[in-house]
Structure formats: structure tokens, C-alpha cells
1. Can you tell me how many residues in segment 62-115 are of a type in the set (D, E, K, R) and at pLDDT below 90?
2. Would segment 1-16 turn up any residue that is under 25 Å from Lys132 (Cβ atoms) and either at pLDDT below 85 or under 25 Å from the mean Cα position of the chain (by Cα) (or both)?
3. Restricting segment 106-116 to residues that are touching a residue at least 24 places away in the same chain (Cβ under 8 Å) and out of contact with any Leu (no Cβ under 8 Å at 6 or more places or on another chain), which is farthest from Leu155 (Cα to Cα)?
4. If I ask for residues that are over 22 Å from Asn148 (Cα atoms) and in contact with a helix residue (DSSP H, G or I) (Cβ under 7 Å, 6 or more places away or on another chain), which ones from segment 35-53 would you list?
5. Sort out which residues of segment 108-164 are aromatic (Phe, Trp, Tyr) and closer than 19 Å to Leu62 by Cβ, and write them in order of number.
6. Inspect segment 134-152 for any residue being assigned by TED's automatic domain parsing to the domain that holds Ser60, in a strand (DSSP E or B), in contact (Cβ under 8 Å) with a residue 60 or more places away in the chain and surrounded by 12 or more Cβ atoms within 10 Å (Cβ to Cβ) and give the result as yes or no.
7. Residue under question is Asn100, and the condition is that it be free of Cβ contacts under 8 Å to residues at least 60 places away in the same chain, assigned by TED's automatic domain parsing to the domain that holds Leu48, exposed (fewer than 14 other Cβ atoms within 10 Å of the Cβ) and touching a Leu at 6+ places or on another chain (Cβ under 8 Å); does it hold?
Amino acid sequence: MTRNNKIFIWSLTVLIFLISIYYMAWTMSPGSYGRAEVYEFEIPEENLIKIIKEFKSDNSELDISSEDKLSSGKFPILRDGKEDSSNHWYKFYFYYPDKNQIIFTWTRAKSKMTSSFGFVRVNEGLNLGNWKDVNNNFLWWKNTPMKNEFEERILKKIKEKLDR
């Protein structure tokens, strides 16, 4: 075996080992929302929550709570807010009417002046239980279209409100 072949085999072995370690860590994503796509903002969480509420008010077609099925009480768990005062996440739900998808997001304070906005899951249809985590697939390019759509339809507009 030549020196170049040995180097290639060692390099390939190390690469496979590192990918395996990364994959194992990825499959055991820690925390309640370990696979969420998280966006950071230099703004207190209270202000971010206010801006998201304004965005939902201005874009009522994206507000799941304005759907007839939700206002009739069929999905009381899909209400924006914290479940209780000890909860760390302020949850928001959006709706893509053209795709009949429910989008689950949250905000969380990172410090007094920074907060996180997490894109967590997408539910196919109005029947709950068809949730798919945003970063469900290890192959990142399979998750990219879902994240790009969220960034274009929701995140970009929220950022525009922040800049005003």
C-alpha cells in the first residue's frame, strides 16, 4: 500500500468517525426543543412578543386563532402564550392557509436584552398529530425548503417590524 493510499484511508476513517459522532449527538438533541431552528434578536423578549402579536394582527390569514375551527374551541391548546408562569417559552402558532399547515414557534429570553425565536414544528393539516420537527432530517438540504419558507413568510416580516 502506498503512502497516499494510507493517508486517504486514515482521512476517510477520521471523517466517518466525526460524522458518526455528530450524527449521534444530533439524534440525542438535548432540551425540550432540541431540533428547533433558533434565531437570535437583540431585543428584550417582551418587545419581541409584542412585535409578533402585531405581525399576527396585521396578517390575520396567518393567525391560526382566527380560523373558525379554532375559535369554536376545537384546538384550545393552540393558543399563543405561556402555559403557566414557570414556563420558559412563549408559544406562537401560525397557519399557512394555502398549504393547510400549522406552524409552531416560541420565544425565550436569552438575557435582559436578547431573546430567541425558535421555529419548531410544522403540522400537516388541521388534525393535530401530524407534526414534523423542522430539523427532523439529518440531511440539512431536506429541511432547507421548510426553513426558507418560514423565513420568507414570517421571519422576514417580523424583522422588518423590528427595524421600524
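The values are calculated or read from the model by the stated rules, or taken from the named source; none is laboratory data. Values in this document were obtained by computation on a predicted structure and should not be read as measured data. Virtual Cβ from ideal backbone geometry, glycine too; neighbours counted across all protein chains shown.
1. Filtering segment 62-115 for residues of a type in the set (D, E, K, R) gives 63, 67-69, 74, 79-80, 82-84, 91, 98-99, 108, 110, 112.
With the extra rule that they be at pLDDT below 90, the set shrinks to 63, 67-69, 74, 79-80, 82-84.
Selection size over segment 62-115: 10.
2. At the first step, the residues of segment 1-16 found to be under 25 Å from Lys132 (Cβ atoms) are none.
No: zero hits.
3. In the first step, residues of segment 106-116 are kept if they are touching a residue at least 24 places away in the same chain (Cβ under 8 Å); the result is 106-110, 112-116.
Restricting the remaining residues to those that are out of contact with any Leu (no Cβ under 8 Å at 6 or more places or on another chain) gives 106, 108-110, 112-114, 116.
Numbers: Trp106: 12, Arg108: 15, Ala109: 17, Lys110: 18, Lys112: 21, Met113: 19, Thr114: 16, Ser116: 12 Å.
Looking at residues that are touching a residue at least 24 places away in the same chain (Cβ under 8 Å) and out of contact with any Leu (no Cβ under 8 Å at 6 or more places or on another chain), I get Lys112.
4. Ile43 - this is the single residue of segment 35-53 that is over 22 Å from Asn148 (Cα atoms) and in contact with a helix residue (DSSP H, G or I) (Cβ under 7 Å, 6 or more places away or on another chain).
5. Start the filter on segment 108-164 by keeping residues that are aromatic (Phe, Trp, Tyr), which leaves 117, 119, 131, 138, 140-141, 150.
Within segment 108-164, Phe117, Phe119, Trp131, Phe150 meet the criteria.
6. Step one: list which residues in segment 134-152 are assigned by TED's automatic domain parsing to the domain that holds Ser60, which gives 134-152.
Among the residues that remain, those that are also in a strand (DSSP E or B) are: none.
Scanning segment 134-152, I find no residue that is assigned by TED's automatic domain parsing to the domain that holds Ser60, in a strand (DSSP E or B), in contact (Cβ under 8 Å) with a residue 60 or more places away in the chain and surrounded by 12 or more Cβ atoms within 10 Å (Cβ to Cβ), so the answer is no.
7. Working: free of Cβ contacts under 8 Å to residues at least 60 places away in the same chain: yes; assigned by TED's automatic domain parsing to the domain that holds Leu48: yes; exposed (fewer than 14 other Cβ atoms within 10 Å of the Cβ): yes; touching a Leu at 6+ places or on another chain (Cβ under 8 Å): yes.
So Asn100 fits the description; yes.
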